[in-house]
Amino acid sequence: MNALAGKVALVTGAGRKRGLGRAICARLAAEGCRIALTDLAEPKPLMEAKHIGTREEMEATAEELRSIGPDIVAFALDVRVEEEVEAVIAGVVTRFGRLDILVNNAGIGYLFAPITETPAEFWKAVMDVNLLGAFLCTKHAAHHMIGAGQGGRIVNIASQAAKSGHPHLAAYVASKHGLVGLTRSAALELGPHRITVNAICPNHVTTGLGAVQNEYYARLGGMTVPEYLDRMKSHIPLSRVGEPADTANACAFLCSDAAAYITGEAMNVSGGAEMH
């Protein structure tokens, strides 16, 4: 995968130290990519500081990643706001001279409620970040990739929830199913420009977000978190929950020349927990 050396990757939702985005940035940087990472930077309604990459954490993450690859820059970005998306992507192109890879990783997965008790604002917040944000970033990244005429890679971080339902997460599940639909449509439209578009569907990963999910579902089931994780492992053929590196490795593969003939796919990275 050394063909990634010198490529420029934009990874959204990558400001948290324990997040999937940080792991993806680290893996791509190790392959020689120059990285632009983004996060919300400032709390917004339903997006408290503990659930986002604050400006301080985002800058600290970027500095830490510079020990792997020195060419790392951080941008504050609300992926729901088209003007911000357009400006940040233009800023990446100005900073690095190109944009080869987009990883749509920003997402909300911590607003839990039964369907009958889910506030409309929960639904809208999840859809706006998880689906509208991915659409807007894809739209504006594709403009630059098409104009450059060098092809490109777009990877959407979906979820096992893109394939199967989960209780108390209807908005999240619907948004991730929608993300796979966006992936397939974008792959059809962008394929003639040599831009591949794929999704990765990890099962549970204990990131900062994953820890919140662990606590919620353990309480729901009347278990401790270790008991909940043990039960989860018993349903996974490889007998362990996912690690951030598992998703990051799949992402690096899909961004590489080795995956040049793969597009429109929703790849399971689930230890066998999801097989369709």
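Things to note:
- Subset of segment 225-253 (residues that are among the acidic types (Asp, Glu) and over 24 Å from the mean Cα position of the chain (by Cα)): 227, 230
- Condition check for residue 178 on (1) open to solvent by less than 20 Å² (accessible area, probe 1.4 Å); (2) within 22 Å of residue 275 (Cα to Cα): one failure, at (1).
- Some residue of segment 247-255 being open to solvent by 50 Å² or more (accessible area, probe 1.4 Å), in a helix (DSSP H, G or I) and either in contact (Cβ under 8 Å) with a residue 40 or more places away in the chain or not hydrophobic (A, V, I, L, M, F, W, C) (or both): yes
- Candidate set: segment 258-276, residues that are surrounded by fewer than 17 Cβ atoms within 10 Å (Cβ to Cβ), at pLDDT 95 or above and of a type outside the set (Gly, Ala, Ser); chosen: the one nearest to residue 201 (Cα to Cα): 262
- Only listed residue being open to solvent by 50 Å² or more (accessible area, probe 1.4 Å), among the basic types (Lys, Arg) and closer than 23 Å to residue 21 by Cβ, chosen from 231, 240: 240
- At least 1 residues being hydroxyl-bearing (Ser, Thr, Tyr) is the threshold, and among the strands (runs of 3 or more DSSP E) wholly inside segment 12-121 those reaching it are 34-39.
- Residue 183 polar (S, T, N, Q), assigned to a helix (DSSP H, G or I) and buried (at least 17 other Cβ atoms within 10 Å of the Cβ): yes
- Subset of segment 222-246 (residues that are hydroxyl-bearing (Ser, Thr, Tyr) and without any contact (Cβ under 8 Å) to a residue 24 or more places away in the chain): 224, 228, 234
- Look at (1) in a helix (DSSP H, G or I); (2) in contact with a strand residue (DSSP E or B) (Cβ under 8 Å, 6 or more places away or on another chain) and you find that residue 229 fails only one, number (2).
- Residue in segment 165-172 that is surrounded by 22 or more Cβ atoms within 10 Å (Cβ to Cβ), among the aromatic types (Phe, Trp, Tyr) and out of contact with any Phe, Trp or Tyr (no Cβ under 6 Å at 6 or more places or on another chain) present: yes
- Against the test of being more than 13 Å from the chain's Cα centre (by Cα) and not in a helix (DSSP H, G or I), the options 222, 210, 178, 191 yield a single qualifying residue, 222.
- Inter-residue pairs, beta-carbon under 6 Å, first under 21 Å from residue 138 (Cβ atoms) and in segment 161-189, second surrounded by 18 or more Cβ atoms within 10 Å (Cβ to Cβ) and polar (S, T, N, Q), 6+ apart: 175/130; 176/159; 179/156; 183/156; 186/138; 187/263
- Checking the stated criteria, residue 7 turns out to be in contact (Cβ under 8 Å) with a residue 24 or more places away in the chain, over 18 Å from the mean Cα position of the chain (by Cα) and either surrounded by fewer than 24 Cβ atoms within 10 Å (Cβ to Cβ) or over 24 Å from residue 147 (Cα atoms) (or both).
- Members of segment 119-146 found to be out of contact with any Leu (no Cβ under 8 Å at 6 or more places or on another chain) and surrounded by fewer than 24 Cβ atoms within 10 Å (Cβ to Cβ), listed by number: 119, 120, 123, 124, 127, 128, 132, 136, 139, 140, 143
- If you go through segment 163-202 and pick out every residue that is in contact with a Cys (Cβ under 7 Å, 6 or more places away or on another chain) and closer than 29 Å to residue 147 by Cα, you end up with 1.
The values are calculated or read from the model by the stated rules, or taken from the named source; none is laboratory data. If you're wondering where the values come from, they're calculated on a predicted model, not measured in any experiment. Note that we place each Cβ from the backbone using ideal geometry, even for glycine, and neighbour counts take in every protein chain shown. Protein only, heavy atoms only, side chains kept; ligands, DNA and RNA dropped before computing areas. Shrake-Rupley method; radii C 1.70, N 1.55, O 1.52, S 1.80 Å.
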